1. Among helices (runs of 4 or more DSSP H) lying entirely in segment 179-274, which contain 3 or more residues that are assigned by TED's automatic domain parsing to the domain that holds Trp135 and aliphatic (A, V, I, L, M)?
2. Residues being of a type in the set (A, V, I, L, M, F, W, C), more than 15 Å from the chain's Cα centre (by Cα), modelled with pLDDT of 90 or more and under 21 Å from Lys72 (Cα atoms): count how many of those fall in segment 111-159.
3. Is there a residue being modelled with pLDDT of 90 or more and of a type outside the set (S, T, N, Q) anywhere in segment 175-188?
4. Quick one: is Leu36 within 32 Å of the chain's Cα centre (by Cα) and not acidic (Asp, Glu)?
5. Can you say whether Leu277 is in contact with a helix residue (DSSP H, G or I) (Cβ under 9 Å, 6 or more places away or on another chain), modelled with pLDDT of 85 or more and either over 30 Å from Leu147 (Cα atoms) or of a type outside the set (Asp, Glu) (or both), as far as the supplied structure shows?
6. In this structure, does Asp68 turn out to be modelled with pLDDT of 85 or more and among the acidic types (Asp, Glu)?
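The values are calculated or read from the model by the stated rules, or taken from the named source; none is laboratory data. Remember, it's a predicted structure, so these values are computed and weren't measured experimentally. Cβ placement follows ideal geometry from the backbone for every residue including glycine, while neighbour counts extend to all protein chains displayed.
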Amino acid sequence: MLEIAINLEEKVDTYIKKYHEDLALDQISAKDWQSLHSLKENLQPFYRATLMTQGDKGLLYESLYNMDILMKFLGRNINEKTNRKTNEKSDIQRRSKYALEVLIKYRNLMRTESPYYIAAIALHPSYRLKYFETWPPSERDEVYSKLQELWAQYKELPLFSQPVSVVETLKKKDKAKSPKDIYDTIREEIDQCGSSVPTDDEWELFQQESRVKIDYSPITWWLKPEQQSRWPCLAHMAIDILSIPAMSDEPERIFSRSRRTISWERSRLKKGSIQQLECLKSWFIEGLI
């Protein structure tokens, strides 16, 4: 609605001037329009972050990653120069301060309550443990400890068999290039790329290697035969964790689609049949069949 109003700014102004007397209490001044433009600009990174974490492409590593992007963006807003005449902070600075407090609260919960958010980043070939080097030392130590505990559970598990060549089936969808904005700038700043100590531990070896910049799903990278054979235990852990969706919107859509599948005429369908139908539907939507 905000974007529509801004796109129709000239027409809205014309309408208000035409019915000035009737809309005396609902005038939009030049200062109001300026505030709306500023609000739209400051909501843009949140819009982008939501798009990056929703749907079946929103993998778990995007959750904490986008939290860090938004925290950095809000921090920049707060550190903007105050009004020289009044020495007061702008409305956006005050809003950013409150938003940052809430964001820090939930980011800390994600970091401390579950190891899977940080593990998803550490297992991404483009990020790995180097991602956490800019975090405070106390947080880094906690992250390394939790990840070692999680890896200890996986490296004792029996190896699973090589999957059928799934990589050839997974199709990378081309994305239309859009102009770079503040979200893209901060995302690039967080992406920083590669001393290694001799070891035969898969986790340590993976983390010591230079980061590999990929522009497709990390699951596809881990499903490649060369990664499966080189990191058999770690690949098991990576696929388990990276397969967790960042948001629940896609599972909710599956429930909605299932309701259309189970019509009144098909109410006696068994759960196995419904699962198979929904699986086929999902594959068809993704272009896998």
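1. On the way: elements: 182-190, 202-208, 218-223, 225-230, 232-242, 249-261.
Passing ranges, in order: 182-190, 232-242.
2. The qualifying residues number 3.
3. Keep residues of segment 175-188 that are modelled with pLDDT of 90 or more, which gives none.
No, because not a single residue in segment 175-188 is modelled with pLDDT of 90 or more and of a type outside the set (S, T, N, Q).
4. Values: within 32 Å of the chain's Cα centre (by Cα): yes; not acidic (Asp, Glu): yes.
Judged against the criteria, Leu36 is a match.
5. On the way: in contact with a helix residue (DSSP H, G or I) (Cβ under 9 Å, 6 or more places away or on another chain): yes; modelled with pLDDT of 85 or more: yes; either over 30 Å from Leu147 (Cα atoms) or of a type outside the set (Asp, Glu) (or both): yes.
Yes: the conditions hold for Leu277.
6. Details: modelled with pLDDT of 85 or more: yes; among the acidic types (Asp, Glu): yes.
Answer is yes for this residue.
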